[in-house]
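J.: I'd like to ask you about the structure that follows.
Where a number appears in this text, it was derived from the coordinates with a stated rule and is not lab data. Here the structure is a predicted model, which means the values were calculated and not measured. When we count neighbours, we look across all protein chains shown, and the Cβ atoms used for this are built from the backbone with ideal geometry, even at glycine.
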Amino acid sequence: MMSMASQAATHLPSLENLPVTTLFENCKSVDQLRQIHAHTIKKGIMSSPLVQNKIVAFPCEHEGGNMLYARRLFDEIPEPSVFVCNTMIEGYSRLNRPKDGVSMYLEMLRRNVKPNDYTFPFLFKGFKRDTALAYGQELHGHVVKYGFDSNVFVQNALVNMYSLSGMIDMASGVFDMSCERDVVTWNVMISGYNRIKHFDESRKLFKAMMEKGVFPTSVTFALVLSACSKLKDLDTGKQVHRYIKECKIQPNLVLENALIAMYAACGEMTVSLDIFENMKTSDVISWTSIITGFANSGQVDLARKYFDRMSERDYVSWTAMIDGYLRVNRFKEALELFRKMQTSKIKPDEFTVVSILTACAHLGALELGEWINTYIDRHKIKKDSFVGNALVDMYFKCGNVEKGLQIFNEMQRDKFTWTAVIVGLAINGYGEEALDMFSQMLEASIMPDEITCVGVLCACTHTGMVDKGRRFFASMINQHGIQPNVAHYGCMVDLLGRAGHLQEAYEVIQNMPVKPNSVVWGALLGACRIHKDAEMAELAAKNILELEPGNSAVYVLLCNIYATCNKLESLRELREMMLKRGIKKIPGCSLIEMNGMVHEFVAGDQSHPQSKEIYLKLEKITSNLKFAGYTPDMSEVFLDVGEEDKESSVYRHSEKLAIAFGLLSSKPGVTIRIVKNLRMCVDCHRMAKLVSKVYSREVIVRDRTRFHHFRHGSCSCKDYW
DNA sequence: GATGGTTGGG
């Protein structure tokens with residue numbers, strides 16, 4: 001087989017008779033270029049700027065951009081023209097080597113080659129955010145100095161470069177000053193606002209552009225449709241769609257994708273699907289938009305059907321599907337999908353890990369969360385504030401306070417970071433520390449928002465700091481300029497009620513300026529359970545059931561209260577009413593993570609493969625604990641069953657099954673972590689305390705509202721929950 | 001020898 005060089009050599013004789021331009025047109029490889037190069041030297045035409053440029057352009061544009069060779073050829077040119085310098089700069093930009101582009105530019109200045117109107121667009125094209133920040137303004141100075149600031153191409157490149165660096169004011173400054181504006185100038189400006197998520201500005205600009213009679217292109221439409229998606233502005237979106245039809249713009253893939261995404265984001269799945277099914281070719285973006293559309297409208301199973309039908313999936317489509325499960329609180333399925341994603345060898349990015357960490361936080365899946373943390377470090381996933389905050393949130397919600405604080409201390413902190421740590425400390429029973437964090441947050445000049453205030457009140461509630469809570473609530477408007485909303489009133493009712501100030505809590509409800517919702521009344525009802533006030537409980541329950549007639553938790557809680565207060569007649573009536581209305585108790589459900597798998601137990605569950613062993617273990621634990629003084633606490637049992645059955649129903653509570661499973665399947669000394677969907681009952685709480693003592697195990701249970709860290713026979717909640 | 005575009009987040 002002949003080598004490329006000898007092939008080229010066979011063509012050499014004809015070189016003599018052909019014009020140089022034809023030679024370049026037929027040039028197929030760097031080897032052939034060498035022949036042509038030698039030929040041009042021999043003919044003495046290397047001084048021609050055109051020939052110089054052709055020679056250097058070839059390696060820039062072929063074989064993936066051989067800039068090393070281009071540079072060698074460039075160095076042989078004694079007096080390079082601006083043409084060939086631009087070619088070199090363009091070559092570096094194309095290969096995403098903006099710094100080399102800048103060096104080339106500086107070199108040409110040193111060699112007294114003046115830039116022309118092509119130089120800056122080529123140079124800026126390769127810029128990323130960091131290079132735009134580092135060199136942008138200085139190079140803007142050069143643009144002015146050399147007099148290209150009125151060239152529309154240069155202006156467009158400048159606007160784009162500034163928007164890339166996040167300096168939107170500079171971008172719009174250049175845009176406003178631009179004497180000559182074309183449709184691309186408008187496009188890059190709109191794209192700039194899209195980039196920083198100022199979608200209303202994008203929409204405004206589009207309307208202004210239309211009013212000025214500038215004729216939009218398909219790029220303009222794609223940009224403004226994207227803004228409409230994010231704004232969920234169906235009206236403007238439809239209007240744009242009409243323009244597209246009126247202007248007879250040829251539909252292309254990107255534009256159709258933008259339309260699909262807009263309709264999907266606005267909940268118009270029928271229209272979105274119609275476009276999707278009638279397009280000539282679809283790509284991964286079209287499919288992902290459809291999936292997101294279904295997921296956003298709550299039809300996650302339909303979204304999954306489309307996801308499964310995709311011929312290829314990228315990390316965005318995986319993340320979109322995972323996020324679809326998160327939206328409907330189907331966290332286990334989110335994690336299962338993530339495992340499949342790993343099997344498919346698709347690398348997660350920072351978006352994916354935030355979704356997974358969120359799922360871990362909800363499930364209390366600490367092991368997986370830790371694994372993700374390691375993964376982020378090892379694979380150098382960008383640790384932006386979203387990722388950092390998701391990590392902090394995950395560690396606290398999984399009960400690992402130390403690690404949560406460690407991440408918090410190491411990262412750049414924004415409002416959300418502080419809020420996550422304040423809430424995290426609060427739910428783990430570190431009320432004082434949470435308040436201290438809040439002071440530090442104020443010292444760091446970070447303004448709290450409504451959620452931060454919920455965290456602060458929550459901290460006071462879980463540690464019984466009634467006066468501090470009262471004072472903070474009063475300071476919300478005056479000191480922080482935050483009007484308390486219904487959630488804050490709910491916190492106050494919770495705070496006062498738990499501490500036994502039931503009357504005061506009720507007064508808060510009566511005097512609050514917004515209509516109390518079921519959460520507010522629920523806080524009062526919960527307080528009534530703790531303080532055994534059946535009368536107030538009836539009042540609270542009545543109000544909740546007016547708002548939410550099907551709220552079964554209210555019935556159950558009221559039953560508990562009647563049982564505790566020994567109001568057996570009321571209990572019987574309520575039970576009858578529940579049967580008549582078909583109200584069923586929400587089954588208690590506990591999750592425990594073992595060896596990276598999340599196991600789920602519901603009360604009385606026998607579906608686990610190791611069910612038999614688990615029940616045997618539980619029996620053994622109970623008898624061991626009875627030696628240590630454990631007697632079942634039946635006060636919260638209200639079922640119409642005999643004493644013995646009562647015990648066995650408490651005995652089958654999901655957290656007990658999970659604890660038994662935990663003791664069964666982990667080594668001595670390993671912390672047992674459980675997440676429960678309901679509030680822990682008194683008996684399970686008592687049992688967990690004893691397990692922590694008798695088995696020398698730390699047991700951490702996260703219930704509906706807070707954490708219980710059981711150590712050496714006592715609980716971090718100090719039996720106050 | 002030129003510039004602009006579509007999908008997923010706490």
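J.: Tell me, in nm to one decimal, what length is gained between A:M177 and A:T374 on full extension, where the rule is 0.36 nm per residue of separation less the Cα-Cα distance? Provide the component values of the computation, followed by the final result.
T.: Details: separation 197, 0.36 × 197 = 70.92 nm, distance 4.92 nm.
Full-extension gain reported as 66.0 nm.
J.: Structure shown: which of A:K468/A:K718; A:K397/A:K626; A:K347/A:K415; A:K197/A:K305; A:K468/A:K567 lie over 25 Å apart, alpha-carbon to alpha-carbon? List each step's numbers first, then the result.
T.: Working: A:K468/A:K718 19 Å; A:K397/A:K626 32 Å; A:K347/A:K415 30 Å; A:K197/A:K305 31 Å; A:K468/A:K567 36 Å.
The pairs that break the limit, which is 25 Å between Cα atoms, are A:K397/A:K626; A:K347/A:K415; A:K197/A:K305; A:K468/A:K567.
J.: Separate question: Taking the simple approach of a point 7 Å from Cα along Cα-to-Cβ for both A:E576 and A:E25, what is their distance in nm?
T.: Placing both labels 7 Å beyond Cα along the Cβ direction yields 10.0 nm.
J.: In nm, to one decimal, how far is the modelled label at A:L547 from the one at A:E443, with both set 7 Å along Cα→Cβ?
T.: My value for the distance between the label points is 3.8 nm.
J.: Please work out the C-alpha center-to-center distance from segment A:210-278 to segment A:72-120 and express it in whole Å.
T.: Cα centres, segment A:210-278 to segment A:72-120: 40 Å.
J.: For A:K28, go through the aspartates and glutamates and keep the ones whose alpha-carbon is under 17 Å away, minus same-chain ones fewer than eight residues off.
T.: Filter leaves A:E61, A:E63.
J.: From Cα coordinates alone, what are the radius of gyration and Dmax values for chain A in angstrom?
T.: 34.1, 114
J.: Give the long-range amide H neighbours of A:I674: residues separated by 5 or more places, or on another chain, with amide H under 5 Å away, using H modelled in the peptide plane at 1.01 Å from N.
T.: When sequence neighbours closer than 5 places are left aside, the close amide H contacts are A:I700, A:V701, A:R702.
J.: Next question. In whole Å, how far is the Cα centre of segment A:645-709 from that of segment A:414-446?
T.: Their Cα centres are 28 Å away from one another.
J.: Quick check: from the Cα gyration tensor, does segment A:589-715 come out rounded (a/c under 1.5), prolate or oblate? Intermediate values should be presented prior to the final figure.
T.: Numbers: a/c = 1.33, a/b = 1.20, b/c = 1.11.
Cα axes put segment A:589-715 in the rounded bin.
J.: Using a simple charge model, +1 on the beta-carbon of Lys and Arg, -1 on the beta-carbon of Asp and Glu, nothing else, what dipole does segment A:589-715 show about its Cα centre, in debye to the nearest 20? Don't skip to the answer; put the middle values down first.
T.: On the way: 19 positive and 16 negative charges, 137 e Å.
Dipole magnitude for segment A:589-715 comes out near 660 debye.
J.: Could I ask something else about it? In segment A:121-210, what trypsin sites (Lys or Arg not before Pro) fall in a loop by DSSP, with at most 16 other Cβ atoms inside 10 Å?
T.: Filter output for segment A:121-210: A:K128, A:K197.
J.: Kindly provide the helix-only [θ] at 222 nm of chain A, computed as the sum of -39,500 (n - 2.57) over DSSP H runs of four or more divided by all residues, to the nearest 500 deg cm²/dmol?
T.: -21000 deg cm²/dmol
J.: Under a straight-distance cross-link criterion of Cα-Cα below 18 Å, which aspartates and glutamates are reachable from A:K232, leaving out those fewer than 8 residues away in the same chain?
T.: Those aspartates and glutamates meeting the cut-off are A:D200, A:E201, A:E256, A:E268.
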